[in-house]
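Here the structure is laid out as structure tokens; the discussion comes afterwards.
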Amino acid sequence: MRLIRHGVVLNAFMICVAAGCDPAPALQSSPAAPAATKPAIADSHPASQSQPANTSPAVKLLSPGQGALRQLRYTPTVGEKQEASLTIKLSTLPQPKTGQFPGQVFPTLKLTLANEVQSIAANGDITYVFKILEGDALDTPDAIPEAVKLKRQLAQELVGLTGVTTIDNRGIIKHSNLTVPPKASNSQVQILLLLGEALEQTWTMLPAEPVGIGGKWQASVVTYSNAYQAKLEQTLTYEIVSMDSHGMKLSVSLDQVAHHQDLKKQGDARRELDAIKGIGAGEFILNLGKILPQMAKMSVESITRMSAEITGRMEPVEVHKVVEHLLESVPE
């Protein structure tokens, strides 16, 4: 009987790792988890503990490209409004070697977002307000129906949350804040973490130098924007496929890596991250007169290896996760 219980707890822990959540609700009662700093939104929870902030990104030109070179800058106008739908699909792949995790499909999250440009400073800095208009979980084949209902309820409870973000005209985040309600549950905070991660991976930071067709640059950042507040090194590489006077089409790749590090204890239980390795690929269509992309899709596949103290002993956990983000502007 003890072995069966141990297996149930371990499996619950692995499901939470895959879903990007903190496994505390499945294991023990605990306070709501603190939210994390995001490049596109920074969650500020009154109950948050102190934590590292994401570092400023380093943007490096790899190749200027060919033809007429153009300096890329975001150029929205004050009062510019935009709505977009964001869909997040999450699944895990089976682990036949370990037999620990059979693979699972999680409910697809869909949010409708809106922003409005509030001000533009003399130096080009852009401040805009951000709002969640709608939240839903879609009926997802192979997902547990009860999980769909729960995620739908959690997403709907976040409708109306607002925040303020300031970026420079190259898309570098200078300040961002979204206040999470004081009574927000751990699960609601995790929905916001998924939102922040999606916006992070569909955001474009522009190079300082002029570029043309085939122009390529990288944006690298050390981020703590994940459920475990682990130090994660992330690099996005952008390449211009086509461009016109309004914007461009980009081919985008993503690399992420985290090395061995101790994680914050969950209650009295120790946790250690052994490694995260992820790669992604996507396609963005930008209109530089808008804040959000006209379209951005990104698929990221990652393997997380960690150890956690479960029923009194350290257990290895490995999860192979696939996340698909699709951000589409709503036609005006």
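The values are calculated or read from the model by the stated rules, or taken from the named source; none is laboratory data. Treat the numbers as computed from the prediction; the structure is a model and nothing was measured. Here Cβ is always computed from backbone atoms with ideal geometry, including for glycine, and neighbour counts include all displayed protein chains.
Numbers for the structure displayed
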quantity	calculated
Matching entry among Thr112, Thr127, Thr140, Thr92 (being more than 29 Å from Pro182 (Cβ to Cβ), outside any loop (DSSP other than H, G, I, E, B), under 22 Å from the mean Cα position of the chain (by Cα) and of a type in the set (Val, Ile, Thr))	Thr92
Sole residue being over 24 Å from Thr108 (Cβ atoms) and in contact (Cβ under 8 Å) with a residue 24 or more places away in the chain, chosen from Thr237, Thr202	Thr237
Residues satisfying the stated conditions in the range 231-270, i.e. buried (at least 21 other Cβ atoms within 10 Å of the Cβ) and at pLDDT below 85	none
Failed item, numbered, when Leu154 is tested on (1) closer than 22 Å to Glu328 by Cβ; (2) in a helix (DSSP H, G or I); (3) modelled with pLDDT of 90 or more	(1)
Qualifying residue in the range 181-193 (condition: touching a strand residue (DSSP E or B) at 6+ places or on another chain (Cβ under 9 Å) and surrounded by fewer than 18 Cβ atoms within 10 Å (Cβ to Cβ))	no
Given (1) without any contact (Cβ under 8 Å) to a residue 40 or more places away in the chain; (2) within 23 Å of Glu80 (Cβ to Cβ), number of the condition Gly312 does not satisfy	(2)
Some residue of the range 215-229 being without any contact (Cβ under 8 Å) to a residue 60 or more places away in the chain and crowded, with 18+ Cβ neighbours inside 10 Å	no
Residues satisfying the stated conditions in the range 173-225, i.e. assigned to a strand (DSSP E or B), touching a Gly at 6+ places or on another chain (Cβ under 9 Å) and of a type outside the set (Val, Ile, Thr)	Ser176, Asn177, Leu178, Gly212, Lys216, Ala219
Wholly enclosed strands (runs of 3 or more DSSP E) of the range 267-332 bearing at least 1 residues within 21 Å of the chain's Cα centre (by Cα) and polar (S, T, N, Q)	295-310, 313-329
Of all residues making up the range 136-168, the number that are closer than 17 Å to Leu194 by Cα and in contact with an Asp or Glu (Cβ under 8 Å, 6 or more places away or on another chain)	5
The range 160-179, subset among the hydrophobic types (A, V, I, L, M, F, W, C) and crowded, with 22+ Cβ neighbours inside 10 Å, residue modelled with the lowest pLDDT	Leu178
From the options Val222, Val319, residue that is touching a helix residue (DSSP H, G or I) at 6+ places or on another chain (Cβ under 6 Å) and at negative phi	Val319
So Met306, is it crowded, with 16+ Cβ neighbours inside 10 Å, under 28 Å from Thr87 (Cβ atoms) and in contact with a His (Cβ under 6 Å, 6 or more places away or on another chain)	no
Odd one out for Ser225 among (1) within 30 Å of Lys131 (Cβ to Cβ); (2) modelled with pLDDT of 95 or more; (3) hydroxyl-bearing (Ser, Thr, Tyr)	(2)
